[in-house]
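Everything on this sheet refers to the single structure shown next.
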Amino acid sequence: MVTGVVIVTLVVTLLVVLSVRERMSLLMYREKSWDEIGEWKSSPLSRALTGLVGTAGGIYLSFVLLATFLEIKVPETVQLAGVSLEPMAALSIALAIVQPFALRLLDLGRRPGGL
């Protein structure tokens, strides 16, 4: 049981790190403002983490509103490898983690000769 918790924790940590890294590369790719070098600005890591938490929070609120509006009965917790999770929060963070990779795939599909 403890090994399941450790494995889930390591997998989630790895996915969050990869997602934040991808968000940082997307932010640096989009923002190349050389005239602001001397001014204070937040780091790509802090912007990527803020984006991850903000995206997950927005998805979570949308899920809660949708479930309330449609009167869907959602269990309070689910067990995953010995870890108790709130299902809508877990799904929200999972979608937020996957989002930058999906954006990268969509971007590759739009480019001429992509994918």
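Could you sort the peptides 6-12, 70-76, 83-89 by per-residue average Cβ neighbour count (10 Å cutoff), highest mean leading? Can you show the working numbers first?
Details: 6-12: 12.7, 70-76: 8.0, 83-89: 14.7.
So the peptides 6-12, 70-76, 83-89, ranked by packing, come out 83-89, 6-12, 70-76.
Extension gain for LEU106 to LEU80 (0.36 nm times residue separation, less C-alpha to C-alpha distance): 6.3 nm.
Given an 8 Å cut-off on Cα distances and at least 6 residues of separation, report the relative contact order of the chain as a percent.
Over the chain, the number comes to 33 percent.
Fully extended, how many nm does the chain gain between ALA67 and LEU15 (0.36 nm per residue separation, minus their Cα-Cα distance)? Please report the intermediate quantities before stating the final value.
Details: separation 52, 0.36 × 52 = 18.72 nm, distance 2.67 nm.
Contour length minus Cα-Cα distance gives 16.0 nm.
We did not get these values from a lab; they are worked out from the coordinates using the rules stated. Quantities reported herein were computed from a predicted structural model and do not represent experimental measurements. Glycine also receives a Cβ, built like all others from the backbone with ideal geometry; neighbour counts cover every protein chain displayed.
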